[in-house]
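What follows is a short report on a single structure.
Please treat every number below as a calculation from the coordinates, not as lab data. Everything numeric in this text was worked out from a predicted model, so none of it was measured.
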Amino acid sequence: MTILVIAEHDNASIKAATLNTVAAAQKIGGDIHVLVAGHN
């Protein structure tokens, strides 16, 4: 199973909620992809 996490950030760092989501995804197992979107 592949899991997509859409990162929340403030253009300087990733928010804690995103890190918690990645940790939960690791417990599920499989590939984890993180999308970090911004204007730069």
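The calculated pair-distance distribution of the chain uses every alpha carbon pair, bins of 10 angstrom beginning at 0, and gives 30, 51, 17, 1 percent.
Against the longest alpha carbon principal axis of the chain, how many degrees, from 0 to 90 and to the nearest 10, is the axis of helix 16-28 turned? For helix 16-28, the angle is close to 20 degrees.
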